[in-house]
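Presented below is the structure to which this report refers.
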């Protein structure tokens, strides 16, 4: 976003809500008080008063990182549910049947969609994910390591673990290495996001690749078009995703 906005003479102001709808409302109120030209929000789940405030404000708004409406105005992103479903189908195609999931503790729209999609993909492939095989975790390498210990304690015969983001997956693989558990020979790992660490870690992480830079740049371009009196050809853009097989999984 910064690259596109700076070229057009605009500055980017940032606010972090920590997945709190109340904090997001306070930040939106503050930004509107500064007479911002437009707003970009992560996700589409907001407090009712936030949505009402933005509809009254009448400024361009783009929501990102999901395609689950209803939308306030415009949206740019990808289907978290379909991406997670695609990963589930890929893991089953590799021969994995005993699977577990480590999901983000923050129960926002993206994490919920990833869990739904993963369950749906397994079910469509004839594999059921039991409730005891889904674990909730904050996001850090250390906590990902702890979550991995929880998984192998509760599901000792687990064959592969899908993590809702790459940081959790790499944390789990680090703990597996410390315990002498081989990846992927003894257990497979898959993540979501395709951050740089996913590519550079050994073994490299199987994951979902997202067009994160494009999400920002396209969102900024749509806001600018609205600010300058135009209208984007499409108000909702699906930039898609890609399953990226790497060496943290294998064919059984």
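Taken over region 82-109, the criterion of being closer than 26 Å to residue 233 by Cα and buried (at least 22 other Cβ atoms within 10 Å of the Cβ) is satisfied by 83 alone. When only residues in region 216-245 that are in contact (Cβ under 8 Å) with a residue 60 or more places away in the chain and assigned to a loop (DSSP other than H, G, I, E, B) count, which is farthest from residue 90 (Cα to Cα)? Applying the filter and picking the extreme gives 232.
Taking the criterion of being over 17 Å from the mean Cα position of the chain (by Cα) and closer than 21 Å to residue 134 by Cβ, the residues of region 187-203 that qualify are 187, 188. Is there a residue being at pLDDT below 95, surrounded by fewer than 22 Cβ atoms within 10 Å (Cβ to Cβ), more than 30 Å from residue 44 (Cβ to Cβ) and in contact with a helix residue (DSSP H, G or I) (Cβ under 7 Å, 6 or more places away or on another chain) anywhere in region 120-135? Scanning region 120-135, I find at least one residue that is at pLDDT below 95, surrounded by fewer than 22 Cβ atoms within 10 Å (Cβ to Cβ), more than 30 Å from residue 44 (Cβ to Cβ) and in contact with a helix residue (DSSP H, G or I) (Cβ under 7 Å, 6 or more places away or on another chain), so the answer is yes. Only one entry in 150, 157, 186 is in contact with a strand residue (DSSP E or B) (Cβ under 7 Å, 6 or more places away or on another chain) and either outside any helix (DSSP H, G or I) or not assigned by TED's automatic domain parsing to the domain that holds residue 43 (or both), namely 150.
The values are calculated or read from the model by the stated rules, or taken from the named source; none is laboratory data. What you see is a predicted model, and the numbers here were worked out from it, not measured in a lab. Ideal geometry is used to build each Cβ from the backbone, glycine not excepted, and the neighbour counts take in all protein chains shown.
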